[in-house]
Amino acid sequence: MKPVNWGILGAANFAAQHMGPAIHAAKGARLAALATSSPDKATRFRDFAPDLRVHDSYEALLAEPDIEAVYIPLPNHLHVEWAEKALRAGKHVLCEKPLALRAAQIDPLIALRDETGLFATEAYMIVHHPQWQQVRDWLDAGEIGTLRHADVAFSFCNSDPANIRNKPETGGGSIPDIGVYAYSSVRFAARAEPVRMHSVIRRENGVDTLAQVIGEMEGPQGRFTYGAMTSTRLAKRQLAVFQGDTGSIHVHVPYNAGVFGEARIVLARDGQPDCEIRYPGVNQYVLQVEAFGRHIREGAPYPWTLEDARAGQAMIDMVLASEL
């Protein structure tokens, strides 16, 4: 497969630490260009991609004819704007989550994708990790009987007022930042959508710092209850649990696999030994880039579309609208 030439719009820490190295390491990908107005920030990228071309504006990178795909790690409120500009410039787009701040904002991107014939999607990397594919397979196969309840928790402590995740004008808050995982991971694994939600939300300086959600979702096996907690003011915690009438599935490092800890899932069933699967060394960011390349080069299936991102954002919108 001819390698895909990638460019990155912005030298965000996450791009330098995770997605830049992932693009560089992925089969069928080449990190060719970076756009940043700060030459100092480019140094971290050149440490692993020494032949990187650096532009001082996003427009200059988008004007490069040999750049085929762009990764967008900009602050949340800029995602839709630059995804649209990249598509209009003839580039395929992988945009950080949340793709938008309201579900309706994704509709023009869907229309533009269809108009241009280019591929655009949200960088929802967890669906590429084999642990989530295995959880979905277990649920599909009825390994825990009928799914009755799912609950998730995702928290870390970030009280820095200068951080963009704590600024309302940049789309900060725990719900946009990590609620997208706590909510849509269950949507993906159980092939389910929310029916009703109720939320209790704590805020500081205009952004949510803790959100507790309860509700119901519905999938192929019917309705099940759902609970989620996200916070940017609590100690680190990650866990997702699916409970049926004959067993349960525990996802011990559901979101930051390999960073928070080693990915590990456990299937527990009545009267049977537990089934534990570990995933040492799996890099879900690399898998995401490789899947993106196979899709645009060969038409291979891709597990997360703009429609999936829109449905996930609609759930976030429902949570925000259901505050008690």
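Things worth noting here:
- Residue (of VAL54, ALA141, TYR71) at the positive-pole extreme of the range 35-188, dipole from beta-carbon charges: ALA141
- The antiparallel fraction among DSSP beta bridges confined to the range 130-281 stands at about 85%.
- Couplings 3J(HN,Hα) for the range 87-99, derived from phi with the Karplus relation 6.51 cos²θ - 1.76 cosθ + 1.60 (θ = phi - 60°), are 4, 5, 7, x, 10, 5, 10, 10, 10, 4, 7, x, 4 Hz, where x marks Gly and Pro.
- Beta bridges by DSSP in the chain, antiparallel share as percent, to the nearest 5: 60
- Dipole magnitude of the range 29-78 about its Cα centre (Cβ charges: Lys, Arg +1; Asp, Glu -1), debye to nearest 20: 180
- Sorting 278-290, 233-245, 5-17 by their mean Cβ neighbour count within 10 Å, with the most densely packed peptide first, gives 5-17, 278-290, 233-245.
- For VAL54, the amide hydrogen comes within under 5 Å of the amide hydrogens of LEU34, counting only partners 5 or more places away or on other chains and with H modelled in the peptide plane.
- Lys/Arg +1, Asp/Glu -1 at C-beta; the range 251-302 dipole; positive extreme among PHE260, HIS295, GLY281: HIS295
- 3J(HN,Hα) along the range 172-182: x, x, 5, 5, x, 6, 10, x, 4, 7, 4 Hz, from the Karplus curve 6.51 cos²θ - 1.76 cosθ + 1.60 with θ = phi - 60°, whole Hz, x for Gly and Pro.
- Lysines whose Cα lies under 20 Å from that of LYS2, excluding same-chain neighbours fewer than 8 positions away: LYS27, LYS91
- Amide H contacts of ASP208 (H built 1.01 Å from N, in plane; Pro and chain starts excluded): SER174, ILE175 sit under 5 Å, all sequence-distant by 5 or more or on other chains.
- Only helices enter this figure: runs of n ≥ 4 DSSP H residues, each worth -39500 (n - 2.57), summed and divided by the residues of the chain, yield -8500 deg cm²/dmol at 222 nm to the nearest 500.
- The charge dipole of the chain, taken about its Cα centre with unit charges on the Cβ of Lys, Arg, Asp and Glu (plus for the first two, minus for the last two), comes to roughly 400 debye.
- The alpha-carbon of LYS167 sits under 15 angstrom from the alpha-carbons of these aspartates and glutamates, leaving out residues fewer than 8 places away in its chain: ASP177, GLU204, ASP208.
Since every read-out is calculated from the coordinates, none of them should be taken as a lab result. The model shown is predicted, which means the values in this text are computed figures rather than measured ones. Glycine also receives a Cβ, built like all others from the backbone with ideal geometry; neighbour counts cover every protein chain displayed.
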